[in-house]
Amino acid sequence: MRIVQKYGGTSVGSPERIARVADRVVATRHAGHDVVVVVSAMGHTTDELISLANAVSPAPAAREMDMLLTAGERISMALTAMAIIARGVDAVSFTGSQAGILTEGRHGDAKIAEIRGFRVEESLAEGKVVIVAGFQGVDPATKEITTIGRGGSDATAVALAAAMGADVCEIYTDVDGVYTADPRIVPNARKLSEISFEEMLELSAAGAGVLMSRSVEFGRRFNIPIHVRSSFNDNAGTWVKETTVEQAIISGIAHDTSEAKVTVRGLPDTPGVAARVFEPMAEQGINVDMIVQNVGQDGSTDISFTVPKASAEEARSIATRAASDLGAGAVEIDLDVAKVSLVGAGMKSHPGVAARTFRTLADAGINIEMISTSTIRISCVVKSSDVQRAVQSLHNEFEPPMITEERGA
Ligand code: ADP
Ligand code: ASP
Ligand code: MG
């Protein structure tokens with residue numbers, strides 16, 4: 001078999017842990033498999049590098065930020081290769097650029113566009129284990145080194161698995177798999193043995209940080225089964241794959257504290273107003289998530305929307321410009337918000353989940369500020385100080401995974 005294994009920051013957080021990773025990689029190689037390993041930076045390296053950057057500049061240049069951050073994965077890839085070689089197995093490490101990971105788009109948030117895996121293939125053919133630095137690539141148009149967004153090593157791994165025609169992509173992390181909620185917040189959350197790409201995509205996009213959502217997109221697009229499991233034991237983890245046998249009404253509950261809410265008051269209720277507000281956001285590449293519009297009795301309207309906290313100031317100034325062009329009122333920003341989301345494919349065929357969600361939050365005394373839904377997700381924005389309680393009470397109420405019917409294998 002051809003296997004891609006990705007090890008996250010905690011899993012390569014110390015020399016001892018790198019040694020355990022090397023043992024596992026060597027065992028997989030000895031079992032006769034071709035192995036490509038993707039590593040994250042050690043422990044909190046990426047956060048530490050970001051703090052260093054902020055200590056020398058109030059607004060670090062995006063290109064230099066990428067030059068800095070990619071160094072984190074370069075350290076762990078070389079150490080992992082050394083540890084494997086020390087165990088008598090030939091190995092070679094490559095940066096994203098050397099591995100042929102071509103990206104497009106902005107520094108800090110580039111997207112993997114193509115993988116030209118010749119060097120990886122050659123090394124595999126020579127019997128080597130190949131270690132690839134996660135989270136990075138090169139923009140072929142500018143020749144610049146890029147990073148692909150926080151948590152991006154997951155996407156590197158699944159994209160590589162697709163490009164190399166791997167049978168499976170194993171994501172080794174510090175929990176035993178994908179749980180029905182973040183186990184740090186809901187201690188009695190349950191590990192899912194499997195989950196569909198569709199549901200995992202919604203959970204990841206709703207903030208379940210265990211898998212970066214772009215990695216799930218690659219998995220779904222190229223049908224690469226993803227096995228999320230712990231690097232600290234041999235327990236079976238969670239299989240993320242095309243279809244699952246059982247269909248849950250609620251598979252999991254995710255939360256996200258990374259967004260801010262922007263409100264523009266007193267906009268005219270006429271055609272073109274929303275376009276005037278959101279077009280310039282799109283031009284600046286600001287990721288707008290939820291949008292709610294309320295029309296008042298006086299014919300004016302308020303629009304609230306959420307954006308990543310990192311884009312909040314930019315969104316505020318864009319919205320303020322639009323508001324003044326349109327003769328609207330004030331623009332407010334609220335950083336103390338969080339989003340809680342319930343995800344489950346069985347929601348489609350079981351009405352009433354939304355009502356039960358709102359009742360549960362009401363009984364917990366939690367005010368809902370915004371609501372959005374997809375066919376398999378319900379999301380509510382609440383005060384950030386309420387979000388843990390919101391996740392816990394919804395988990396108690398729905399006890400995911402609520403299995404409803406056998407789909408037939
Ligand atoms: P890594 O460094 O291995 O990429 P991450 O910190 O990115 O690890 O992701 C693992 C973490 O994701 C877990 O420690 C857990 O707190 C968090 N998490 C959030 N939601 C979930 C979930 N539904 N299931 C499992 N872990 C989750
Ligand atoms: N080191 C990067 C981060 O901390 C990428 C990753 O770990 O996946 O975001
Ligand atoms: Mg991660």
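The values are calculated or read from the model by the stated rules, or taken from the named source; none is laboratory data. All values derive from a computational prediction rather than experimental measurement. Glycine also receives a Cβ, built like all others from the backbone with ideal geometry; neighbour counts cover every protein chain displayed.
At-a-glance table
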quantity: Filtered residue count, region 181-195, keeping only those that are within 8 Å of ligand 1 (Cβ to nearest atom) and free of Cβ contacts under 8 Å to residues at least 24 places away in the same chain; calculated: 2
quantity: Test: residue in region 2-17 that is under 18 Å from VAL130 (Cβ atoms), away from ligand 3 (no atom under 16 Å from the Cβ) and not in a loop (DSSP other than H, G, I, E, B); calculated: yes
quantity: Hey, THR103 on the phi < 0 side of the Ramachandran plot, surrounded by 20 or more Cβ atoms within 10 Å (Cβ to Cβ), among the hydroxyl-bearing types (Ser, Thr, Tyr) and modelled with pLDDT of 95 or more or not; calculated: yes
quantity: Strands (runs of 3 or more DSSP E) wholly inside region 142-255 that include at least 3 residues being under 16 Å from the mean Cα position of the chain (by Cα); calculated: 168-173, 226-230
quantity: Strands (runs of 3 or more DSSP E) wholly inside region 331-409 containing at least 1 residues that are buried (at least 19 other Cβ atoms within 10 Å of the Cβ) and among the hydroxyl-bearing types (Ser, Thr, Tyr); calculated: 337-343, 377-383
quantity: Any hit, region 219-226, residues being within 16 Å of ligand 3 (Cβ to nearest atom) and in contact (Cβ under 8 Å) with a residue 40 or more places away in the chain; calculated: yes
quantity: Where GLU122 falls short, out of the listed (1) out of contact with any helix residue (DSSP H, G or I) (no Cβ under 8 Å at 6 or more places or on another chain); (2) in a loop (DSSP other than H, G, I, E, B); (3) more than 16 Å from ligand 3 (Cβ to nearest atom); calculated: (2)
quantity: Top-ranked residue in region 303-318 [being in contact with a strand residue (DSSP E or B) (Cβ under 6 Å, 6 or more places away or on another chain) and among the small types (Gly, Ala, Ser); ranked as farthest from CYS380 (Cα to Cα)]; calculated: ALA315
quantity: Options GLN284, GLN247: the member that is out of contact with any Phe, Trp or Tyr (no Cβ under 9 Å at 6 or more places or on another chain), surrounded by fewer than 17 Cβ atoms within 10 Å (Cβ to Cβ) and not acidic (Asp, Glu); calculated: GLN284
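Per-residue answers, yes or no, for (1) of a type in the set (S, T, N, Q); (2) more than 16 Å from ligand 1 (Cβ to nearest atom):
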position: VAL39; (1), (2): no, no
position: SER51; (1), (2): yes, yes
position: HIS107; (1), (2): no, yes
position: LYS111; (1), (2): no, yes
